[in-house]
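Bear in mind these aren't lab numbers, they're just calculated from the coordinates by the rules spelled out. These numbers come from a predicted model, not from an experiment. Neighbour counts are summed over all protein chains in view; Cβ atoms, including those assigned to glycine, are modelled from backbone coordinates with ideal geometry.
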There are 2 protein chains.
Amino acid sequence: MADFKYEIKETIGTISESPKGWTKELNLVSWNGKAPKFDLRDWAPEHEKMGKGITLNTDELKALKDLLNQMEL
Amino acid sequence: MADFKYEIKETIGTISESPKGWTKELNLVSWNGKAPKFDLRDWAPEHEKMGKGITLNTDELKALKDLLNQMEL
């Protein structure tokens with residue numbers, strides 16, 4: 001994996017946990033010292049490894065919230 | 001990229017669009033003919049290329065909705 005730094009600035013919440021202890025989490029993460037972004041991602045226990053994920057800005061998170069509230073879940 | 005098939009079964013909504021026309025979308029996607037999962041991902045115009053993303057099941061989407069509704073956005 002490329003050389004980069006990240007720092008979890010705020011743990012917002014966990015939305016699932018796998019049998020092996022990986023968690024899917026929404027966090028505020030700073031990449032390479034930049035301003036933190038919202039980040040929805042799978043993490044190994046203790047955040048030692050990161051899995052696939054997606055970063056979102058505040059507007060995208062708002063739009064996602066509106067979308068989810070329109071769905072029958 | 002590895003050889004795999006996918007089919008967008010349902011377009012649920014778009015949460016943002018970049019200046020180059022890439023969109024961040026929530027869809028129901030079937031991977032390799034399996035049962036469709038929710039999928040939050042960046043797509044090139046016309047869905048010709050896919051970017052980074054994350055798949056979610058219904059329980060995870062519900063948990064995410066609850067989390068977003070607790071936040072001040």
If you take every residue apart from B:Val29 with its C-beta less than 12 Å away from the C-beta of B:Val29, what net charge results, scoring Lys and Arg +1 and Asp and Glu -1? +1
Residue-averaged beta-carbon neighbours from other chains (10 angstrom radius) around A:56-66: 5
Place a +1 charge on the Cβ of each Lys and Arg in the range B:6-70 and a -1 charge on the Cβ of each Asp and Glu, then give the dipole magnitude about the Cα centre in debye, rounded to the nearest 20. 120 debye
Over 19 Å between Cα atoms, which of A:Lys49/B:Lys49; A:Lys24/B:Lys37; A:Lys37/B:Lys9; A:Lys24/B:Lys34; A:Lys5/B:Lys24; A:Lys34/B:Lys49 qualify? A:Lys49/B:Lys49; A:Lys37/B:Lys9; A:Lys24/B:Lys34; A:Lys5/B:Lys24; A:Lys34/B:Lys49
Label spacing, shortest first and in nm, from B:Lys62 to its equivalents in the remaining copies (7 angstrom along Cα→Cβ): 2.9
Mind computing the radius of gyration and Dmax over the alpha-carbon atoms of chain B? Å is fine for both. 13.3, 41
Let's see if you can work this out: charge +1 on each Lys and Arg Cβ, -1 on each Asp and Glu Cβ, no other charges. What is the dipole magnitude of the protein assembly as shown about its Cα centre, in debye to the nearest 20? 240 debye
Given 11 as the ceiling on other Cβ atoms within 10 Å, longest exposed-site-free region of chain B for GluC sites (Glu not before Pro) in DSSP loops: B:1-47
Say a label goes 7 Å from Cα toward Cβ at B:Glu48 in every copy; what distances in nm does this one have to the rest, shortest first? 4.4
Just want to confirm a number: the relative contact order over chain A, from Cα pairs under 8 angstrom separated by 6+ residues, in percent. 21 percent
For the charge dipole of the protein assembly as shown, defined by +1 on Lys and Arg C-beta atoms and -1 on Asp and Glu C-beta atoms about the Cα centroid, which residue among B:Thr11, B:Met50, A:Ile54 has the Cα displaced farthest towards the positive pole? B:Met50
With only helices counted (DSSP H, runs n ≥ 4, each -39500 (n - 2.57)), the per-residue ellipticity at 222 nm for chain A, to the nearest 500, works out to -5500 deg cm²/dmol
For the rotation bringing B onto A, which B residue has its Cβ nearest the axis, and at how many Å? B:Ile54, 3
Cut-off 10 angstrom, C-alpha nodes, Gaussian network model of chain A. Which of A:Leu26, A:Leu61, A:Leu40 fluctuates the most? A:Leu61
B:Lys20: which aspartates and glutamates have alpha carbons under 14 Å from its alpha carbon, excluding same-chain residues fewer than 8 sequence positions away? B:Asp42, B:Glu46, B:Glu48
If you find the alpha carbon centre of chain A and of the range B:52-73, how far apart are they in angstrom? 10 Å
Past the 20 angstrom mark, what percentage of all C-alpha to C-alpha distances in the protein assembly as shown do you count? 49 percent
With springs only between Cα atoms under 10 Å, which of A:Pro36, A:Pro45, A:Pro19 fluctuates most in a Gaussian network model of chain A? A:Pro19
As an exercise, identify the trypsin sites (Lys or Arg not before Pro) in chain A lying in DSSP coil whose Cβ has no more than 16 other Cβ atoms within 10 Å. A:Lys5, A:Lys20, A:Lys34, A:Lys49
Here the correct list, in nm and shortest first, of distances from A:Trp22 to the same site in the other copies, label points 7 Å along Cα→Cβ, is 2.2
What chymotrypsin sites (Phe, Trp or Tyr not before Pro) does the range A:1-56 have in DSSP loop regions with at most 14 other beta carbons within 10 Å? A:Phe4
